[in-house]
Amino acid sequence: MSKTPQSDPQQGAPGTPQSPVPPQSPGTPSAWSQPVPATSPLSGGPGSGRRGGARTRPWLIGGGAALAVAAIVGVVIAMSGGDGESAAEGKQSGAPGGAGKPQAPTAAGKSFTKVPEGCRLIKASTIARIAPGTECKPSQFDNATMAAMITRMPSWDMPFGSSGGSLSLRVNLTVSPSASGMFDVHKKSALEALKKVRTITDSRSLSGLGEDAYVVHGVDKDPFDLAEAQVIVREGNAEFTVSLTYDTGDSGRNQQQAEDAVVAAARDVLGSLS
């Protein structure tokens, strides 16, 4: 008398394909269903974000003070919106914590990966000529390591208590895939951010300086007495501004000299990148 073989209830009927997912106890979540934690390039530790606040400068008053705030806002806007694809690309890195060298720009152009220290972006001989007597102070973000980004924000100011008119030279440099978008933001900010307290006396594109360059000069309205020349430059994945703020009562400086000064400094910055 033959016996009919009994099938294993866990194996299923003969010829039935087996599920690729191993059996799990009730209530146990699958490894395939675990949520991936969302991260943001603007959140985290001290080295993961942009500038936390403007440094107080005793000489910076009136429209000049508003300009410093506008510059910071422009950087935050550029890094937090308007360039989502580039920001997503910047997160991909094999280095621990997502930090790595800047990636190539999304558009055609040079790809810079090495930037000197902030106070070495402009030659000492150039500083002696365009901003004599000033001293360089690097930003706390000059050596910060962020995913797919390098930043430098040094400033050259007159020592506290020194005689003479106000004079300050600032550089705001970012090497990042979002360089093109930041150029547009900084250009718009230079033209519109202070239009209620400042009169624009010159604004034009420049040739022979990077892929894109634009210079703006403005003078504070009464009762303030500061003026500023600023040049915005983009080359490949690098974008930066150089601004010179000076006292309009300084008879030794005028609009043309201020514009020539920031252009000369911008050439030094561009030449220091590799």
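The values are calculated or read from the model by the stated rules, or taken from the named source; none is laboratory data. Note that the structure is a prediction, hence the values are computed from the model and not measured. Using ideal geometry, Cβ is built from the backbone for each residue, glycine included, and neighbour counts are taken over all protein chains shown. To get the accessible areas, we keep the full protein, side chains included, count just its heavy atoms, and leave off ligands, DNA and RNA. Shrake-Rupley method; radii C 1.70, N 1.55, O 1.52, S 1.80 Å.
Annotations
- Just one of the listed residues (LYS123, LYS137, LYS188, LYS195) is in contact with a helix residue (DSSP H, G or I) (Cβ under 9 Å, 6 or more places away or on another chain), more than 22 Å from GLU235 (Cβ to Cβ) and of a type outside the set (Asp, Glu), namely LYS137.
- The set of residues from segment 218-241 being buried (at least 21 other Cβ atoms within 10 Å of the Cβ) and of a type in the set (Val, Ile, Thr) comprises VAL231, ILE232, VAL233, THR241.
- Residues of segment 185-217 satisfying the condition of being crowded, with 20+ Cβ neighbours inside 10 Å and at positive phi: GLY210
- ASP247 falls short on exactly one of the conditions (1) under 24 Å from the mean Cα position of the chain (by Cα); (2) under 18 Å from ALA131 (Cα atoms), and that condition is (1).
- The numbered conditions (1) open to solvent by 80 Å² or more (accessible area, probe 1.4 Å); (2) modelled with pLDDT under 95 are all true for SER93 except (1).
- Qualifying residue in segment 163-184 (condition: over 26 Å from SER111 (Cα atoms) and either open to solvent by 50 Å² or more (accessible area, probe 1.4 Å) or without any contact (Cβ under 8 Å) to a residue 40 or more places away in the chain (or both)): yes
- Segment 111-140 - residue that is small (Gly, Ala, Ser) and open to solvent by less than 20 Å² (accessible area, probe 1.4 Å) and, of those, farthest from ASP157 (Cα to Cα): GLY118
- Matching residues, segment 261-274, being open to solvent by 10 Å² or more (accessible area, probe 1.4 Å) and in contact (Cβ under 8 Å) with a residue 40 or more places away in the chain: VAL263, ALA264, ARG267, ASP268, LEU270, SER272, LEU273, SER274
- When the residues of segment 143-162 are filtered to those that are closer than 18 Å to ILE232 by Cβ and open to solvent by less than 10 Å² (accessible area, probe 1.4 Å), the one that is modelled with the lowest pLDDT is THR151.
- Just one residue in the set VAL185, VAL171 is within 15 Å of ALA266 (Cα to Cα) and over 9 Å from the mean Cα position of the chain (by Cα); that residue is VAL171.
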